[in-house]
1. Using Cα centres only, tell me the gap between the stretch 293-369 and the stretch 53-89 in whole Å.
2. Quick one: if the Förster radius is 56 Å, what FRET efficiency do Arg196 and Ala7 give, using the C-beta to C-beta distance and rounding to 0.05?
3. How large is ³J(HN,Hα), in whole Hz, for each residue of the stretch 202-214 in order, when computed from phi with the Karplus curve 6.51 cos²θ - 1.76 cosθ + 1.60 and θ = phi - 60°, using x for Gly and Pro?
4. Starting from the Cα of Ala203, move 7 Å in the Cα-to-Cβ direction to define the label point; list residues of the stretch 152-184 whose amide nitrogen is under 19 Å from there.
5. Label Trp344 and Thr365 with points 7 Å out from Cα along Cα→Cβ: what is the distance between them in nm?
6. Relative contact order for the chain: what is it in percent, counting Cα pairs under 8 Å that are at least 6 residues apart?
7. Taking loop as defined by DSSP and a crowding limit of 15 other beta carbons within 10 Å, which GluC sites (Glu not before Pro) in the stretch 141-250 fit?
8. Val25 to Thr181: extension gain in nm, 0.36 nm per residue of separation minus the Cα-Cα distance?
Amino acid sequence: MPTDLDAVLAALPLVDHHVHGASAVPLDRTAFETLITESDRPIPAFMTQFDSQLGFAIRRWCAPVLGLPAHASPGDYLARRAELGAAEVNRRLLAASGIGRFLVETGYRGDEVLDVAGMAAASGRPVAEIVRIERVLEEVAATGVSAAELPHRFRAELAARCADAVGLKSIVAYRHGFAFTPEPPAEREVVAAAGRWLADGAARVEDPVLLRFGLWTGVDQGLPIQLHTGYGDPDVELHLCDPLLLTRWLKLVEPYGVDVLLLHCYPYQRNAGYLAQVFPHVYFDVGLGVNYTGSRSDAVIAESLELAPFSKILFSSDAWGPAELHHLGAHLFRRGLGRALRGWVDAGEWTSADAIRVATMIGVTNALRVYGLEPTP
């Protein structure tokens, strides 16, 4: 029989505080395999992405949701996926995830996946938006704005986008890394950098001055700010994504009363735990690392519980594309959190009541508090 902790974990209406939309189109084998890796390179002919921790987890835990035996072959799995169709696959996997609320970041290839309304319809759960700072800056630049006008226009557009959002997200880790000058740039620096950027005709904002301007404009909105940290696709230089490099910037942000949420963090989850312990406004999760470490995700989750106060840890899946990632993010998180907490209860270190309370904080109530949300009906 399940223990009380098992039952609570299974029923938790998790708040996925950083996630993207699910794919709404059929995915053939090549398309599916390119979406279950963070590599953006062609898959070598000698291998398959199903031979990975994530690939094995999909065959074990998603196959039964689609009506197949556990450990179904990749070929059988993809055939069943095609038979059901994208809408039914999404409905089954999102429902099976038990996620109670999605905070959807819409700035990454948003036209290729379900938007906020689409995710709400597919899941039947409440959905709110997280706005990507750099995407808004790029959209403003694409309107033909002058360098002198860009700072004002961006501030106005970001404020307008924040009116219906619950948080912001920055990908400065991808575009430059965290070894940036932490202070806000002067207006003249922003205009000069904007002039160089617009003259080059580049679509992506990569200038560190403009990235800092975006970050600090985000701080001025007063909403929680998420930062991609650590592991990601080859666009990142991982050694520059250690959250400890943000220490000076975090100190400068602290007086503003804005919460900073470090996303994913792998392999720097212990460094993120330190920052969450020493700074009242810093929170973190191990989102992206959970799916990709599969059967080893228990260890990653346990390490995230070592140092940080439990009121500073959240759940996210960072799923984008296949709804398998939404489902697995939740399933593996529940399992890993449960195994860590149950071990301490069985050893007499914790009471079962305390374990249940902490699981509920991490899975649900911390996110509700940070983002100012009401509990899921």
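Readers should treat all values here as calculations from the given coordinates under stated rules, not as data from a laboratory. Computed from a prediction, not measured in an experiment: that's the story for all the values here. No Cβ is skipped: glycine too gets one built from the backbone with ideal geometry, and neighbour counts run over all protein chains shown.
1. So the two Cα centres are separated by 25 Å.
2. In this case the efficiency is close to 0.45.
3. Karplus-based 3J(HN,Hα) across the stretch 202-214 equals 6, 7, 8, 8, 10, 5, x, 5, 5, 5, 5, 4, x Hz.
4. 171-172, 174-176
5. 1.5 nm
6. 21 percent
7. Glu149, Glu206, Glu237
8. Gain on stretching Val25 to Thr181: 51.9 nm.
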